[in-house]
Amino acid sequence: MQDIMFYMFAALTIASAGVMVFSRSVIYSAVGLLFTFFGVAGIYVLLAADFVAVAQVMIYVGGILVLLLFGVMLSQRVTGVNMRTETLQTVPAAIVAVGVLFILFRVISKTEWLVKAKTTFEPTTAKLGTLLMTDYLIPFEIVSVLLLGALIGAAFIARKG
Amino acid sequence: MPVLSANHAVINALSILPTFSETLTNVLFMVLGAVIITGLAALLALVSVYLERKVSAHMQDRLGPMEVNTEIPILKNIGHGWAQTLADAFKLLLKEDIVPAAADKKLHLLAPFIVFAATLAAFAVLPFGRNLIPSDLNVGVFYLIAISSFVVVGIILAGWASNNKWSLLGAMRSAAQIVSFEIPASVSVLVVIMAVGSLNLGEIVEFQEGGIHRWLIWRFFPFNLLAFFIFFVASLAELNRAPFDLPEAESEIIAGFHTEYSGMKFAMFFLAEYANMFLVGVIISTLFLGGWSSPFGSFLNSAPFQVFWVFVKSFAIIFVHMWLRWTLPRVRVDQLMYTSWKVLTPFAFVSMLGVGLWMILIQ
C-alpha cells in the first residue's frame, strides 16, 4: 500500500517538476511547481513526518507560490511585460549544468543513505518543538532575525519605490 | 519433495493474498469516504444556498423563492420553494460551458478543480463526533490552515486564465485579502492551540467537554473571547463574504475571478464557496464553541446528538455570516487592509501574549 502511494507521489513530483522546467510560460511553471510541492508533501507523509509535510504545503504553496503568481500577474497582464523563459548562452549553461550534475552524482554515490526499515507513524510536533527550543535554539533565533531583516528590507524598498 | 515445494508455492501465493485484499479494502474505504464527504459537501452547499436566499429575503422584507415544488405527496406540503436550489443546481449542470476565445484553456479548466479539491480535502479532518472524524490527524488544525492555501492558488489561476480585466482584478483582490487575513486568523488559532496544548481537533474538543462554561471562548477571559472575534472577522474575509466581498464586488468588477465561468465550472466555484462557509462554521465551533460536545455537560451528549450539536453550532455561525452580509455595506480596499494589518493582527498578538502570560503567571 505504502509502496504504491510512494510511487504515485514520486511520479507526480517528477512529472510536474518536468513540466516546471520545460515549460516556456512562467505561469505553467508555477502550476507545475504547485503539484511538485504537493507530491513532496505526500512523500513527507509517507516518511511519517506529518508536521514537516503540512509546513511544506503551508510555506511553499501558501507563501512562495502565491507570491510568485502575484509577481507574474502584476508584471505580465498589467504592465505588459512578456514573461517567457528563453534559452540564452547555451554553451556556458551546458558547462555549468554538467559540472553540477557531476557534483550531484559524486555526492549521491558517496553518501551512505539511511534506509529506514519500518516507518512508525507517531506524532512529531512535540518532539520538533522541544528540539527547536533546546538543542537548536540559536539556529532558530538566527533564522527569525534573518526573516525579520528581510521583512524590514522589503517594506523599505516598497516605500522607496 | 516436488509435491511439498508445490504446496509451498501455493502457500506463499496465498500469504500474499491477505495483504493484497487488505490494500484493496483500504482503498475501497478511502474511496467510499471521499464519496460520502463529496456528497455531504454538495448537500450542505445546496442547503446553505437556500438558507442564504431565504434569510436575505426575510431581512429585506420579501419572501424569496416560494414557487418551486414537486408533486410527490409528502414533500408537496413543505412548500416555501424548497426545491429551488435543486432546480438551480440541475440548470447549472446542464448549461453550456462557455470558454472565452482568448482564455488560457488548460488553466481555465484546471482552476475550479483545484478550488473544489482543496475544499473537499479540508472536510477530511472535520470532527463530527467522538468517533466520527474521517481522518484524525495529529496536526489537524495546521492541516486546515495549510490546505486552504490551495484555494488561493486556484482563485489566482482562474482570474489569470480568464484573460479579463475584471477577473484579474478580482483574483488579485481575493489573493491579497486571503493572504493578509490569514495572519490574524492563524495567530488566533495559535491562542487555542496554546490553551489546549494540541493540534489535534479531537483533543481540542475533548478539552472543552462538560458544558457551556468549559468552552474555550470563555477561557483566559477576555483573551480567548478576543481571539474568537478576530478569527470570526478574519474568516468572513477569507470567505470573500460581505462586508469583505471586494473580490466579487458586482457593482465594480462584475463577478471578480469567476466572471468568465459558466455552467458546471461556475457550479464548482459556487459549491466550493458555500461548502467553505460550512467548513468555517465547523472550525469556529470546534475551536471556540465546544465542537461536538453538548452545552449541557453529559446531558444529550450521545453519538447522534454530537453530530446534531456540530450542525447546530455551525449553522448558527453561518446564520450570523448571512446576517452580516445582508446588513453591512462593503468596505473599501484600504479599509480592508487597515482592518487586517493595523487592527486584527496587533490585537491577535495581544491575545496570544495575554494567554501566554496567564499560563506562566497564574496557572
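Please give the length that would be gained between residue A:132 and residue A:114 if that part of the chain were fully extended, namely 0.36 nm times their separation in residues minus their C-alpha to C-alpha distance (nm, one decimal).
Extra length from residue A:132 to residue A:114 when fully extended: 4.2 nm.
Modelling each spin label as a point 7 Å along the Cα-to-Cβ direction, I'd like the residue A:101/residue A:14 distance in nm, to one decimal.
It is 1.6 nm.
Which shape class, rounded, prolate or oblate, goes with the protein assembly as shown when its Cα gyration tensor gives a ≥ b ≥ c as root eigenvalues, a/c under 1.5 marks rounded, and past that a/b bigger than b/c marks prolate?
rounded
Going by Cα centres, the stretch B:315-341 and the stretch A:146-161 are how many Å apart?
So the two Cα centres are separated by 30 Å.
Where in chain B are the DSSP H helices whose alpha-carbon span along the long axis reaches 27 Å or more and whose Kyte-Doolittle mean is at least -0.5?
B:2-59, B:105-123, B:140-161, B:165-196, B:263-288, B:303-325
Name the helices (complete DSSP H segments) of chain A with a Cα length along the long axis of 27 Å or more and a Kyte-Doolittle mean of at least 0.0, or state none.
Those that pass (Cα extent of 27 Å or more, hydropathy at least 0.0) are A:2-22, A:26-46, A:90-110, A:137-160.
Loop sites only, by DSSP: take the trypsin sites (Lys or Arg not before Pro) in chain B that have at most 10 other C-beta atoms within 10 Å and name the longest stretch containing none of them.
Excluding the exposed sites themselves, the longest stretch runs over B:63-331.
Suppose all protein chains stay in the model; what accessible area per residue would a 1.4 Å probe give for the stretch A:1-85, in Å²?
Value for the stretch A:1-85: 51 Å² per residue.
Using the heavy atoms of the protein chains and a 1.4 angstrom probe, tell me the accessible area per residue for chain B in square angstrom.
For chain B, the per-residue accessible area is 47 Å².
Give the relative contact order (percent, whole number) for chain B; include only Cα pairs under 8 Å separated by 6+ residues.
21
Ignoring ligands, DNA and RNA and using a 1.4 Å probe, state the total buried accessible area between A and B in Å², rounded to the nearest 100.
2700
For the stretch A:1-85, what's the relative contact order in percent, using C-alpha pairs closer than 8 Å and at least 6 residues apart?
Relative contact order comes out at 29 percent.
Sort out for me the Cα centre separation of the stretch A:1-76 from the stretch B:169-231, rounded to whole Å.
28
Using a 1.4 Å probe on the protein chains only, how many percent of the accessible area of the stretch B:272-363 belongs to carbon and sulfur?
Result for the stretch B:272-363: 77 percent of the exposed heavy-atom area is carbon or sulfur.
To the nearest whole number, what is the average tally of beta carbon atoms from other chains within 10 Å of the beta carbons of peptide A:123-129?
3
In whole percent, how big is the carbon plus sulfur part of the accessible area of the stretch A:122-161, probe 1.4 Å, protein atoms only?
Looking at the stretch A:122-161 in its full context, I get 78 percent from C and S.
Tell me, which residues of the stretch A:19-44 get at least 20 Å² less accessible area when the other protein chains come in, versus the chain alone (1.4 Å probe)?
SASA drop of 20 Å² or more in the stretch A:19-44: A:27, A:28, A:31, A:34, A:35, A:38.
Where Lys and Arg each count +1 and Asp and Glu each count -1, what net charge lies around residue B:299 among other residues with Cβ under 15 Å from its Cβ?
The answer is 0.
Taking square-rooted eigenvalues a ≥ b ≥ c of the alpha carbon gyration tensor, is the stretch A:1-85 rounded, prolate or oblate, where a/c under 1.5 means rounded and, failing that, a/b exceeding b/c means prolate?
In terms of gyration-tensor shape, oblate.
What is the stretch B:41-121 by shape, rounded, prolate or oblate, if you read a ≥ b ≥ c off the alpha carbon gyration tensor as root eigenvalues and call it rounded for a/c under 1.5, prolate for a/b larger than b/c, and oblate otherwise?
The shape class here is prolate.
Under the definition of partner shielding as Cβ atoms of other protein chains within 10 Å of a residue Cβ, what is the mean value for peptide B:156-165?
That average works out to 3.
The values are calculated or read from the model by the stated rules, or taken from the named source; none is laboratory data. Fair warning: this is a prediction, and the values are worked out from it, not measured in the lab. Methodologically, a virtual Cβ is constructed for each residue, glycine included, from the backbone with ideal geometry; neighbour enumeration extends over all protein chains shown. The accessibility values were calculated without ligands, DNA or RNA, using every heavy atom of the protein model including side chains. Shrake-Rupley method; radii C 1.70, N 1.55, O 1.52, S 1.80 Å.
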